[in-house]
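Notes follow the structure.
The numbers here are math on the coordinates, done by the rules we state, and not lab data. Note that this is a predicted model, so its numbers are computed, not measured. Cβ placement follows ideal geometry from the backbone for every residue including glycine, while neighbour counts extend to all protein chains displayed.
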Amino acid sequence: MGGKVIIRKLLKRDELEKLVEIQHLVWKHADLDITPVHQFCISTFMGGIVLGAWVDGELAGFVYSFPAIFKGRFCHHSHLLAVLPEYRGYGLGKRLKWAQRREVLKLGLASVTWTYDLMQSRNANLNLHTLGGICRKYLPDFYGETPSLRLGPGIPADRLLVEWPIKTARVEQKARGKKELPLEPGSYPKVLEGQLAPNGQYLPGKPHLSLKEPILLAETVREVEALRPTPEVIAAWQAALRQVFKHYFQQGYAVVDFSFGEKCYYVLSNRLKNIVPE
């Protein structure tokens, strides 16, 4: 993509109307599950933020957040981030998130939150490693009986809640382009690892729920879309991760990073004050 990229607020109704079509093209959701134009209109009027990424004059994607209260403090909740398929792979999603951070900082706020499907490893890598978000709240079947938000029949719409502490030194360094040293998975204990079943399926092993080291790893699938034909495999991984996260969150751990490679791991730590000072 060699075109000129401009990211700016979307305020006019004709621009906000384009967001409906983008949602259809990106997620192929039914009309019932699409955020309507009138929601964007009132939200931008009442303190919400809608930013669009324009490439050579064409709207290629957007990010949308609204004012919220989390743990008794004002923040912004980021509800939608979408990039058209033909513009993916060029970092537009990342650029939209950093632009969102700048706008929220102008409001004097210190945090942005959002939810995402924990089985989507590329989203996990963006949210946790690239942006520096953390997770310490698991939301089982949060969106309920909404087929478009499930990964297959009978699979709950589980989500992780991301907290993005946008004023911390770690996030500021990431915003400036400083990269953290890659994590060596072999150096840390695993609370969850995959294993090859006799039928050739790669399934989660039994979670280890008695470990107490300061850094723990939980393996997850790399490409969940490739597992759509076998929803029972997705369900098995989701159930194992649900068990791991709910247990270790109760023990004071948080997800603080993500290792994306041939194998993918969530990184949990109980040294959260080193990352997000209270």
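A compact table of results
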item: Extended-chain gain in nm, criterion 0.36 nm per residue less alpha-carbon gap, residue 14 and residue 149; result: 45.8 nm
item: Residue pairs, from the table 18/246; 28/106; 178/273; 28/190, whose Cα atoms sit over 29 Å apart; result: 18/246; 28/106; 28/190
item: Ellipticity estimate at 222 nm from DSSP helix runs (n ≥ 4, -39,500 (n - 2.57)) divided over the chain, nearest 500; result: -8000 deg cm²/dmol
item: Amide proton proximity set for residue 194, modelled H, under 5 Å, gap of 5+; result: 205
item: Most fluctuating residue given options 130, 35, 220, as computed from a GNM of the chain linking Cα atoms under 10 Å; result: 35
item: Segment 128-134 - phi-based ³J(HN,Hα) in whole Hz, Karplus 6.51/-1.76/1.60, Gly and Pro as x; result: 9, 8, 6, 8, x, x, 9
item: Inter-centroid distance (Cα atoms) of segment 237-251 relative to segment 160-192, Å; result: 20 Å
item: For segment 211-221, 3J(HN,Hα) per residue [Karplus equation, 6.51 cos²θ - 1.76 cosθ + 1.60, θ = phi - 60°, Hz, x = Gly/Pro]; result: 7, 9, 5, x, 10, 10, 10, 10, 6, 9, 6
item: Environment charge at residue 137 (Cβ cut-off 13 Å; Lys +1, Arg +1, Asp -1, Glu -1); result: +3
item: Centre separation in Å (Cα based) which lies between segment 1-48 and segment 63-82; result: 16 Å
item: Segment residue 210-residue 58, length gained on full extension (0.36 nm per residue, minus Cα span); result: 49.5 nm
item: Over the chain, relative contact order from alpha-carbon pairs under 8 Å, at least 6 apart, %; result: 14 percent
item: Amide H contacts under 5 Å for residue 166, placed H, 5+ residues apart; result: 111, 112
item: Derived scalar couplings ³J(HN,Hα) [segment 40-49; Karplus, 6.51 cos²θ - 1.76 cosθ + 1.60; whole Hz; x for Gly, Pro]; result: 5, 4, 6, 5, 5, 5, 9, x, x, 10
item: Whole-number percent relative contact order across segment 130-176, with pairs defined as alpha carbons under 8 Å at least 6 apart; result: 47 percent
item: Residue 225-residue 270 pseudo-label distance in nm [points 7 Å out on the Cα-to-Cβ vector]; result: 3.9 nm
item: Spherically averaged projected area in nm², based on the convex hull that wraps the Cα atoms of segment 18-125; result: 7.7 nm²
item: Charged-residue dipole, Cβ positions (Lys, Arg, Asp, Glu), the chain about Cα centre, Debye nearest 20; result: 1100 debye
item: Cα-based helix-to-principal-axis angle, 13-27 vs the chain, degrees rounded to 10; result: 30 degrees
